[in-house]
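Notes follow the structure.
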């Protein structure tokens, strides 16, 4: 009798509509995103208030009279309680209003929309290089554990992971640009190519192709190849090390031994079965590496005069332009959240157990 009841209950659950479960998961995800965003905005708001920079002086200048200062102080809402200021800040950010940059005299949202595609383009190419080279290198290192190949791959990865980015950038410019003249120098394109390509996506490689400006396209490749390889080297060092660790764990599992006993080729065992089972944690590693490149390319952009969001935030910080600094920080935080959501979606595609 008990068995029949259990079977009936199991059948009822199996045939039940998945809509309630989907709505529950969706509600949980939306709530989690909302709380994360509120926490991020709270942190940036507090940073803007504790920084030893007077936002009023950044607007009116240090020679303004007290009347002008007081009027600006009130106009900026700084005379209101902190909770009211935070609620106003939430409302402004929700509508895409990050304030006006005191450095460029333009809305911060427009500045970020102008500079972010340059960072996106650089970080995307660097991540692709890191994945295309780092994942196979990590798998090969795991297969050849303890051999000279494994030691070489680990040494190359350790070097890329340990060397200061600014030093690698300066050495790259000195050798490949200054001495060998294999690549172009700092900037996205040569000076006489500036403002020729119409702005469509903000990514010079895509926009130059869309405009049919192939000379500018190849010139842009010559400019981007060195900073992209520099960031890509850092990315592949991390990705190869994590791939090796994940694969070593999988190669010791029973299903690998079973597959070999069944007579499957080593290529199928390693690249089809082994690698497929490390894709879920590897997706997280790649997503975090991508986000780190988008957020942490400040030194690289400074060395190569790359007009991205990292350089924009750095210049704004030195100029006490807190609206630009906080706006850029919020955008980077949103990128992290979006990449985490994207990796969660990829989990469900790669691993059916996560659906």
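The values are calculated or read from the model by the stated rules, or taken from the named source; none is laboratory data. As the structure is a computational prediction, the values presented were derived from the model and not from experiment. Cβ: placed from backbone, ideal geometry, glycine included. Neighbour counts: every protein chain shown.
Applying the selection to segment 212-225, what residues are part of a loop (DSSP other than H, G, I, E, B) and surrounded by 15 or more Cβ atoms within 10 Å (Cβ to Cβ)? 213, the sole residue that qualifies. Restricting segment 292-301 to residues that are buried (at least 20 other Cβ atoms within 10 Å of the Cβ) and more than 16 Å from residue 169 (Cα to Cα), the residue that is modelled with the lowest pLDDT is 295. Taking segment 242-329 and the helices (runs of 4 or more DSSP H) fully enclosed by it, the elements with 1 or more residues that are under 30 Å from residue 204 (Cβ atoms) are at 279-296, 298-303, 309-318. When you check residue 292 against the structure, is it in the same structural domain as residue 345 (by TED's automatic domain parsing) and within 19 Å of the chain's Cα centre (by Cα), yes or no? Yes, satisfied. Just so you know, in segment 7-63 the residues that are part of a loop (DSSP other than H, G, I, E, B) and exposed (fewer than 11 other Cβ atoms within 10 Å of the Cβ) include one that is modelled with the lowest pLDDT, and it is 16. Residues that are touching a helix residue (DSSP H, G or I) at 6+ places or on another chain (Cβ under 6 Å), surrounded by fewer than 17 Cβ atoms within 10 Å (Cβ to Cβ) and closer than 15 Å to residue 238 by Cβ within segment 134-176 comprise just one, 161.
Of the helices (runs of 4 or more DSSP H) entirely within segment 115-210, those holding at least 3 residues that are without any contact (Cβ under 8 Å) to a residue 40 or more places away in the chain and closer than 29 Å to residue 252 by Cβ occupy 148-162.
Regarding residue 283, is this residue over 30 Å from residue 105 (Cβ atoms) and either modelled with pLDDT under 85 or out of contact with any strand residue (DSSP E or B) (no Cβ under 8 Å at 6 or more places or on another chain) (or both)? Yes, satisfied. Quick check: is even one residue across segment 309-321 modelled with pLDDT of 80 or more and either closer than 19 Å to residue 289 by Cβ or not assigned by TED's automatic domain parsing to the domain that holds residue 293 (or both)? Yes, that holds for at least one residue.
For residue 100, are the conditions met, namely being touching a strand residue (DSSP E or B) at 6+ places or on another chain (Cβ under 7 Å) and surrounded by 13 or more Cβ atoms within 10 Å (Cβ to Cβ)? Don't jump to the end; show me each part of the working.
Details: touching a strand residue (DSSP E or B) at 6+ places or on another chain (Cβ under 7 Å): yes; surrounded by 13 or more Cβ atoms within 10 Å (Cβ to Cβ): yes.
So residue 100 passes the test.
Pairing residues of segment 302-318 that are within 21 Å of residue 168 (Cα to Cα) with residues that are part of a loop (DSSP other than H, G, I, E, B) and modelled with pLDDT under 85, at Cβ distances under 6 Å and at least 6 apart in sequence or on separate chains, gives 310/297.
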